[in-house]
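Chemist: This is the structure I have questions about; it appears just below.
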Amino acid sequence: MQNNYKLLHLGLLVLLTFFIYANSLNNKFIYDDILLIAENNFIKDWKNFSKLFGKDYFSLFKEVSYRPVCTLTYFVDYSLWKLNVLGWHLTNISFHIANAILIYLVTFLLTADYAERTADFAEKTSSPRHPVTHSPSSIPLLTALFFAVHPIQTEAVNGISFREDLISFFFFFLAFYLYVKSQTPVNLSRNHLLTISRASAICYLTSVICYLFALFSKEMAVTLPLVLLLYGLCFGSLGKQFKKNLSDSLVRSLPYFLIAGLYLLGRFTIFRSPGILGLYAGHPGYPGGNLYTAMLTTVKVFTYSIKLFFLPLHLSIHYEFPVAESIFEGTVILSLLILVLILLASIFSYRSFPSFCFSVIYFFVVLLPVSNIVPLGLVIQERYLYFSCFGFCLFLAIIIAKVAELTQRAQRTSLQISRIFCGLAVFSVLVFYSLRTITRNCDWKDDLTLWSKVLRVYPESGMANFVLGNEYVRQGDKEKAIICYKNVLKFEPFSMNAVKAFNNLGLIYKAEKNYEQAIAVFKAGLNINPHSAEVRLNLGNLYAEQKLFEEAKREFMKVIRSSPYLVEAYTSLATIYLLLGEYSEGSKTLQKIKEIDPSNPLLERMKLFEYQQNEKK
């Protein structure tokens with residue numbers, strides 16, 4: 001009977017999720033999708049598959065983080081769909097449905113397992129403990145439904161290149177599910193050895209492997225060991241002291257902590273983009289310029305995120321979030337007060353209401369990677385909240401179930417009235433979230449629609465003006481594009497967006513044969529960030545087009561010094577050597593191209609270099 005209910009719940013979950021995202025299937029490639037997918041030849045040839053695991057990943061894929069698992073799905077999708085955007089969206093929706101199913105299964109284990117163990121413990125003790133005060137049959141479904149339809153998820157689901165959050169979460173929760181399934185009573189013998197059954201050992205090992213997949217999908221998964229530790233503390237063996245639960249949990253989760261530590265070490269050494277490709281205006285810094293202001297801003301971001309979860313009315317792909325300068329600001333004080341009260345409530349409920357405690361602490365733990373402890377260059381993004389959405393949805397489901405139980409216990413309230421009241425509450429929440437998600441999907445129709453929405457809220461946004469400028473260029477409306485780029489320079493004159501705006505203005509002037517103006521704006525961009533390879537490369541190409549070969553060669557060599565794996569710089573430099581008759585240097589440059597990108601068409605010129613060198617001799 002229970003299995004029939006589970007199948008019915010899962011069927012409802014799949015149908016509802018697909019229904020509310022069905023209107024997103026024909027949305028276009030937008031924003032990062034164009035660079036990473038539509039215009040990325042790397043993912044269009046399986047011969048490049050092996051390069052996912054080499055040092056050239058960053059330069060060839062134009063990525064700043066090492067996420068080969070996500071990139072692999074681009075290979076698969078391109079093989080299946082080419083550039084038919086419907087298929088790519090279908091993949092994203094499928095991952096979101098799978099994640100909702102995993103949430104149902106994990107929550108079912110957490111609530112049902114704890115309720116069963118509470119009842120067993122009550123029978124064995126002289127002072128019986130009351131069972132957990134919520135129904136294990138309703139909370140898994142409510143949590144999964146809220147997660148599936150919540151509007152905050154629309155960014156991760158609609159943005160095809162944002163699927164890294166979906167994939168990382170999938171392996172993160174699969175690892176969590178298998179870890180919970182692997183748990184058997186742990187007896188620490190004199191030799192401190194864990195006694196685990198064969199089936200449990202298989203689940204545990206598979207969980208560890210899934211964790212590796214999660215990490216190499218996106219860095220957000222690094223918090224899993226902390227979540228496992230939290231699980232052990234909240235749902236560990238009843239009757240044990242806190243220290244005993246902590247000790248058991250640490251032993252069980254130790255391999256995950258070791259993997260996380262090794263991953264972080266590699267993340268900032270081996271799996272690091274060399275100079276972030278030199279394509280961006282310097283390394284991202286702390287909001288406000290230092291760790292102190294970054295942490296104060298993060299406090300405000302956390303409370304604002306909670307507000308977005310409860311009332312997801314004003315959603316945006318980009319937020320102009322004010323940086324906190326002092327702890328004595330009113331908004332900072334209020335945010336700190338709210339967070340402290342929430343955390344205290346969860347801590348005090350640790351013994352009597354562990355599910356509540358778990359949901360709250362989990363919410364904040366999984367936000368640690370995006371809290372600007374390590375500077376990200378971004379303050380708040382909706383896709384950053386994909387992981388924490390589970391904590392909120394579990395919290396909301398628990399509260400509704402708790403209210404239902406309290407109304408049932410009240411002598412003046414009948415069971416039927418209680419069920420009607422809670423049913424209406426759940427129905428209202430689901431309808432509100434679903435309608436908001438459906439309407440938000442429409443905003444993701446294309447870049448023009450999406451970023452015009454941002455511009456209405458933040459008319460002085462450099463990012464919104466920059467992206468809209470790019471979209472106008474694609475549509476051939478250069479006049480509107482120039483206006484947008486100049487707005488970027490007006491509102492954010494020394495920002496990363498300003499450098500990119502100068503670069504794109506230079507390309508427009510170059511196309512119009514206005515070389516003097518183009519050179520001026522390229523140099524203006526380099527004045528802000530002398531290490532921008534993109535701007536310097538375009539300046540060098542402009543010099544080459546004007547037959548100023550020495551100036552062009554100088555610019556290309558500067559690009560190579562700052563971005564030694566940027567193949568475009570080597571191809572441009574090799575062309576200059578060919579034109580100048582410097583065949584020996586040209587051969588060396590082409591050899592470097594061969595090391596980075598063996599399939600580069602310019603390598604055909606290697607034969608010409610060799611022939612001309614022989615003739616010269």
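Chemist: What relative contact order, as a whole-number percentage, does region 448-616 give when Cα pairs under 8 Å and 6 or more residues apart are counted? Don't skip to the end; give the middle numbers.
Modeler: Numbers: 195 pairs, mean separation 18.6, N = 169.
This gives 11 percent for region 448-616.
Chemist: Along the charge dipole of region 448-616, pointing to its positive end and built from +1/-1 on Cβ of Lys, Arg, Asp and Glu, which listed residue (V488, A520, V454) has its Cα farthest out?
Modeler: Farthest along the dipole direction, towards plus: V454.
Chemist: Mind pulling the angle between the C-alpha long axis of helix 198-215 and the longest principal axis of the chain? Nearest 10 degrees, somewhere in 0 to 90.
Modeler: Its long axis makes an angle of about 40 degrees.
Chemist: Tell me what the chain gives for mean residue ellipticity at 222 nm when only DSSP H runs of n ≥ 4 count, each as -39,500 (n - 2.57), the sum divided by the residue total, rounded to 500 deg cm²/dmol.
Modeler: The helix contribution divided over the chain gives -22000 deg cm²/dmol.
Chemist: Next up: Could I have the simple spin-label model distance between L339 and T206, label points 7 Å from Cα toward Cβ, reported in nm to one decimal?
Modeler: Label-label distance for L339 and T206, simple model: 3.8 nm.
Chemist: Moving on. How large is ³J(HN,Hα), in whole Hz, for each residue of region 71-80 in order, when computed from phi with the Karplus curve 6.51 cos²θ - 1.76 cosθ + 1.60 and θ = phi - 60°, using x for Gly and Pro?
Modeler: The phi angles translate into 4, 4, 5, 5, 4, 5, 5, 5, 5, 7 Hz.
Chemist: With θ taken as phi - 60° and the coefficients 6.51, -1.76 and 1.60, list the Karplus ³J(HN,Hα) couplings across region 449-464 in order, rounded to whole Hz; mark glycine and proline as x.
Modeler: For region 449-464, the Karplus-derived couplings read 5, 5, 7, 5, 4, 5, 5, 5, 7, 10, x, 9, 6, x, 4, 5 Hz, x marking Gly and Pro.
Chemist: Using θ = phi - 60° and the Karplus curve 6.51 cos²θ - 1.76 cosθ + 1.60, what whole-Hz ³J(HN,Hα) does each residue of region 142-158 get, with Gly and Pro shown as x?
Modeler: Each residue's phi maps through the Karplus curve to give 4, 4, 5, 5, 4, 5, 5, 9, 5, x, 5, 7, 5, 5, 5, 7, 7 Hz.
Chemist: For the ranges 153-165, 198-210, 584-596, what's the packing order if you count other beta-carbon atoms within 10 Å of each residue, average per peptide, and put the highest first?
Modeler: On the way: 153-165: 24.8, 198-210: 15.6, 584-596: 18.1.
Result, highest mean Cβ count within 10 Å first: 153-165, 584-596, 198-210.
Chemist: Could you name the lysines in cross-link range of K480, using Cα to Cα under 16 Å and dropping any fewer than eight places away on the same chain?
Modeler: Reachable lysines: K490.
Chemist: Based on the mean of other beta carbon atoms within 10 Å per residue, what is the order of 106-112, 400-406, most packed first? Spell out each step's value before the answer.
Modeler: Details: 106-112: 22.0, 400-406: 17.9.
My ranking of the peptides, most packed first, is 106-112, 400-406.
Chemist: Determine the alpha carbon to alpha carbon distance for each of K51/K445; K307/K445; K82/K307; K181/K402 and list only those over 28 Å. Don't skip to the end; give the middle numbers.
Modeler: On the way: K51/K445 33 Å; K307/K445 26 Å; K82/K307 40 Å; K181/K402 26 Å.
Correct reply: K51/K445; K82/K307.
Chemist: Could you name the lysines whose alpha carbon sits less than 21 Å from that of K547, not counting residues in the same chain fewer than 8 places away?
Modeler: List returned: K510, K513, K523, K558.
Chemist: Can you compute the charge dipole magnitude of the chain about its Cα centre, using +1 on each Lys and Arg Cβ and -1 on each Asp and Glu Cβ, nothing else charged? Give it in debye, rounded to the nearest 20.
Modeler: Details: 58 positive and 44 negative charges, 254 e Å.
Dipole magnitude for the chain comes out near 1220 debye.
Chemist: Over region 448-616, how many percent of alpha carbon pairs lie in each 5 Å bin up to the one with the longest distance?
Modeler: Spelled out per bin, shortest first, that is 1, 9, 16, 16, 16, 13, 11, 8, 5, 3, 1, 0, 0, 0.
Chemist: Sticking with this one: Counting Lys and Arg as +1 and Asp and Glu as -1, what is the net charge of the other residues whose Cβ lies under 11 Å from the Cβ of L105? Don't skip to the answer; put the middle values down first.
Modeler: Values: positive: K6, K181; negative: none.
Local net charge: +2.
Chemist: Moving on to the next point. Does region 1-56 classify as rounded, prolate or oblate by the C-alpha gyration tensor (a ≥ b ≥ c root eigenvalues; a/c under 1.5 gives rounded; else a/b over b/c gives prolate, otherwise oblate)? Could you put the intermediate results ahead of the total?
Modeler: Values: a/c = 4.86, a/b = 1.95, b/c = 2.49.
Oblate.
Chemist: Still on this model: For helix 549-562, report the angle its Cα long axis makes with the longest principal axis of the Cα atoms of the chain; keep it between 0 and 90° and round to the nearest 10°.
Modeler: So the helix axis and the longest Cα principal axis differ by about 20 degrees.
Chemist: Among 42-48, 361-367, what's the highest-first ranking by average C-beta atoms within 10 angstrom per residue? Mind showing how you got there, number by number?
Modeler: On the way: 42-48: 15.7, 361-367: 21.6.
Ranking, from highest mean packing down: 361-367, 42-48.
Chemist: Can you pull a Stokes-Einstein diffusion coefficient for the chain at 37 °C (0.692 mPa s), Rh from Kirkwood over Cα pairs, as a whole number of µm²/s? Walk me through the intermediate numbers first.
Modeler: On the way: Rh = 27.0 Å.
My calculation gives 121 µm²/s for D.
Chemist: Compute the signed sum of charges (Lys and Arg +1, Asp and Glu -1) over the other residues within less than 12 Å, Cβ to Cβ, of T293.
Modeler: Working: positive: K300; negative: E325, E329.
Within the 12 Å Cβ shell, the charges total -1.
Read the figures in this text as sums done on the coordinates, not as results from a lab. If you're wondering where the values come from, they're calculated on a predicted model, not measured in any experiment. Glycine gets a Cβ as well: all are built from the backbone with ideal geometry, and neighbour counts include every protein chain shown.
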